[in-house]
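What follows is a set of notes on a single structure, which appears directly below.
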Amino acid sequence: IVALMTGLAAAIIASVTRPLQRLTAAVAGISLTGLERGAGPGFDALPTAPGAGPTQHRRDEFGQLGSAFEMMLTTVRKQWQALQRLDHFRREGVSNLSHDLRSPLTATVACLETLEARWALPTQPSRGDDDRHLVEVALRNTRNAARLVQALGDLAKLDEPEFKLRTE
């Protein structure tokens, strides 16, 4: 009787712990491979009905847990992909903004350096119209850069969670 009870207890414990071990292995596999790759090693080891395909789970609590885990993983992967797309757009926007700011600032610096070089030489004859044109270009480019910085600040305000549209 003791041997029979021990065998029965071992079978019950194995039937309870084996699906949990498979689920643990699936979670560990996904933790190692990340969300971007396939399901990861161990995902196919989720508790399934005997002789069933990989998406047909057992009908007990372990099968329900495995199904819930698959649904959660699918949702998390979709959210991860959406975050990656948003991050790509953010990086692209920052790169475009950097380029758009660099162009007028480079032109402004060139104009100001030319003026500085001209004004540093006392023997240089006055070039009033040329100098005035360089100042106009420098001011125009500085104003363009300032507008870009203002637009960036406006975009940052729009991105704040507290921002609310006011209909008028």
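So here's what we get for this one:
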read-out: Alpha carbon Rg of region 60-168, scaled by the compact-globule rule 2.2 N^0.38 Å; value: 2.03
read-out: Hypothetical label at residue 159: residues of region 84-117 whose amide nitrogen lies under 19 Å (7 Å Cα-Cβ projection); value: 84-102
read-out: Along principal axes, Cα extents of region 109-168, largest first, whole Å; value: 62, 21, 11
read-out: Neighbour net charge for residue 101 - beta-carbon separation under 14 angstrom, K R +1, D E -1; value: +2
read-out: Peptides ranked, highest mean first, by Cβ atoms within 10 Å: ranges 152-158, 128-134; value: 128-134, 152-158
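Laboratory data are not the source of any read-out in this text; all were calculated from the coordinates shown. Everything numeric here is computed off the predicted structure, so don't read it as measured data. Backbone-built Cβ (ideal geometry, glycine too); neighbour counts: all protein chains shown.
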